[in-house]
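The values are calculated or read from the model by the stated rules, or taken from the named source; none is laboratory data. Fair warning: this is a prediction, and the values are worked out from it, not measured in the lab. Heads up, the Cβs are rebuilt from the backbone with ideal geometry, glycines too, and the neighbour counts pull from every protein chain shown. We work out accessible area using only protein heavy atoms, side chains counted, and drop any ligands, DNA or RNA first. Shrake-Rupley method; radii C 1.70, N 1.55, O 1.52, S 1.80 Å.
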Amino acid sequence: FDGNSRWDLMFGLYDYQDLGFSGPVEFNADVLDRATVERWLGLFRRILDRVTADPGVRLSELPALEGA
């Protein structure tokens, strides 16, 4: 995590074959705090997990924002 970004939020996502996905995260600490960014990334991961488990799922059926 890096709190010194010229963008409000930027992240890269790379597929490392057997290791899964990983990548850098940068955010503007004047706009966002680390806890918010971590929460958003957790929600994004829940969406990705659900979509990869069931590629036919409708976006409206994704529960990822419950309790956000």
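In the context of the full set of protein chains, residues of the chain present 80 Å² of accessible surface per residue (probe radius 1.4 Å, heavy atoms only). Segment E61..R46, full-extension length gain: 4.1 nm, with 0.36 nm per residue of separation and the alpha-carbon distance subtracted. Once the C-beta distance of R6 and D33 is scaled by a Förster radius of 22 Å, the resulting FRET efficiency is 0.80 to the nearest 0.05. Its Cα centre serving as origin, the chain has a Cβ charge dipole (Lys and Arg +1, Asp and Glu -1) of approximately 120 debye.
Between the residues G20, G42, S60, the greatest Cα displacement towards the positive end of the dipole of the chain, with unit charges on the Cβ of Lys, Arg, Asp and Glu, is found for S60.
What residue among L13, L41, L32 shows peak mean-square fluctuation when the chain is described by a Gaussian network model with Cα springs under 10 Å? Highest fluctuation among the options: L13.
Report the GluC sites (Glu not before Pro) located in region 7-64 that are in a DSSP loop and have at most 15 other Cβ atoms inside 10 Å of their Cβ, or state none. Answer by residue number: there is no such site. Ligands, DNA and RNA left out, the 1.4 Å accessible surface of the chain is 51% carbon and sulfur atoms. When shorter helices are ignored and each DSSP H run of at least 4 residues is given -39500 (n - 2.57), the per-residue value for the chain at 222 nm works out to -10000 deg cm²/dmol.
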